[in-house]
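See structure below.
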Amino acid sequence: MPSDSVQSLLSSTVSNFQITPDVQAISRISDHIRILKSVRDLERDQMLDILRSLSRRLELAKTAAAFPFSPTRRSHTEKILDLDREKFSLAKTINELESAYHASEGTLTRLNEELERVKNEDVMAEASSAQQDPTICFRLLLKIYRSLGISLEDDGMGGYAKAIVRSHLDNDIHVLSLDKAYSNFFIANYLWDMM
């Protein structure tokens, strides 16, 4: 068999193996396992704390039953119970914060994957197709403007009469008339300042 055909057979075989989805699935599964383990560990620790608290309360109740008229024991018991309540309240707050952290971590992972996907898109193919068709280039510019919060109002003659800018700085909307009286430099600076 000629070496060229063997090489083409090998390269076509290798190109048909797509392991990226499997790697991503394994990564997601390991993340879920890690999260489940941390939740179970937290629940186990909470149960152990409850058990210790109940054991302490039992011992205090036994002691209080042995000395029912001791005021210092009673105030000590109440103080310990108050501290236990505060500890459980703090444990609940920590649990909520950890849940929020894990949710934020998942969001960050998803956004990083989206960023990688966007980075890996074929920008050169889009640029070459834009050079072949000027309407594609124009649409891309409009898409960029809209993503920045700028909308252009059509003047009905194939041009634009106004630029509407949604400012994220002061949560306001600014309108700029696109007259010939303004230079392109002024318009560009105004739009950047309003974003």
Candidates per trypsin sites (Lys or Arg not before Pro) in segment 151-195, loop by DSSP, up to 15 other Cβ within 10 Å: LYS180
Ranked by how many other beta carbons lie within 10 Å on average, peptides 145-151, 15-21 from highest: 145-151, 15-21
Quick calc, ALA25 & LEU48: beta-carbon distance into FRET formula, R0 22 Å, rounding 0.05, result 0.05
Check the straight Cα-Cα distances from LYS162 and name the aspartates and glutamates below 18 Å, setting aside those fewer than 8 residues away within the same chain. GLU153, ASP154, ASP172, ASP179, ASP193
Net charge near LYS162: determine it from the other residues with C-beta under 14 Å of the C-beta of LYS162, scoring Lys and Arg +1 and Asp and Glu -1. -2
Cut-off under 27 Å on the C-alpha distance; same-chain residues fewer than 8 positions from LYS37 excluded. Which lysines are left, in chain and number order? LYS87, LYS92
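Quick note: the coordinates plus some simple rules give every number you see, no bench work behind them. Remember, predicted model here, so these are calculated numbers, not experimental data. Positions of Cβ are backbone-derived with ideal geometry, glycine not excepted, and every protein chain shown enters the neighbour counts.
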